[in-house]
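Beneath this line is the structure, given in structure tokens, with notes to follow.
The values are calculated or read from the model by the stated rules, or taken from the named source; none is laboratory data. Here the structure is a predicted model, which is why all the values come from computation and not from measurement. Every residue, glycine as well, gets a Cβ built from its backbone with ideal geometry; the counts of neighbours run over all protein chains shown. To get the accessible areas, we keep the full protein, side chains included, count just its heavy atoms, and leave off ligands, DNA and RNA. Shrake-Rupley method; radii C 1.70, N 1.55, O 1.52, S 1.80 Å.
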Amino acid sequence: RNPVMRGGECGLVDERGFDDDHWVRQAHRVRDERARRPSQSKFRVVAVVVYERGDGTVSHVIGHNDEAACLKNSICAERAAFVQLCMLPQSACSRVTAVYIASDAAEPITPGALCREFMMSSPLTSTDTRIVME
């Protein structure tokens, strides 16, 4: 993977002019608007997964973490977003270009082991898929 810890650099710009800053702001906005925090940790995480459609245009899905009474039954933001990609027609998503992660942490957090494995096992990702954490 190509993780990017944000620090003033600008990444790729899509056909609508959206760059890393746009997607990071969107992830933070969604996190801030989420009134209910996870029941156990009270720690909010949002993942914006940006993907390329079969026609070359760009779209995205958003996932957030949530927890059950038993933390082993919880789901992370990255997997919640990737599961949504599975619901799209095969022609609707050709590849994931980037994953943007925002959380309540003061410093960027990286995807956990299960998330990394889940994302890497997806046929929509490659070693060129960018992970941007802020």
Scanning the stretch 96-117 for residues that are free of Cβ contacts under 8 Å to residues at least 40 places away in the same chain and either open to solvent by 90 Å² or more (accessible area, probe 1.4 Å) or in contact with a Leu (Cβ under 7 Å, 6 or more places away or on another chain) (or both) gives Ala106, Glu107, Leu114, Glu117
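Rundown of residues vs (1) under 16 Å from Val132 (Cβ atoms); (2) outside any helix (DSSP H, G or I); (3) modelled with pLDDT under 85, yes/no style:
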position	(1), (2), (3)
Gln40	no, yes, no
Ala47	yes, yes, no
Val61	yes, yes, no
Lys72	no, no, yes
Phe82	yes, no, no
Looking only at the stretch 26-79, filter to residues that are aliphatic (A, V, I, L, M) and open to solvent by 60 Å² or more (accessible area, probe 1.4 Å); which one of those is farthest from Ser94 (Cα to Cα)?
Ala69
Take the residues in the stretch 1-25 that are open to solvent by less than 60 Å² (accessible area, probe 1.4 Å), assigned to a loop (DSSP other than H, G, I, E, B) and at pLDDT below 50; name whichever of them is nearest to Glu107 (Cα to Cα).
Arg6
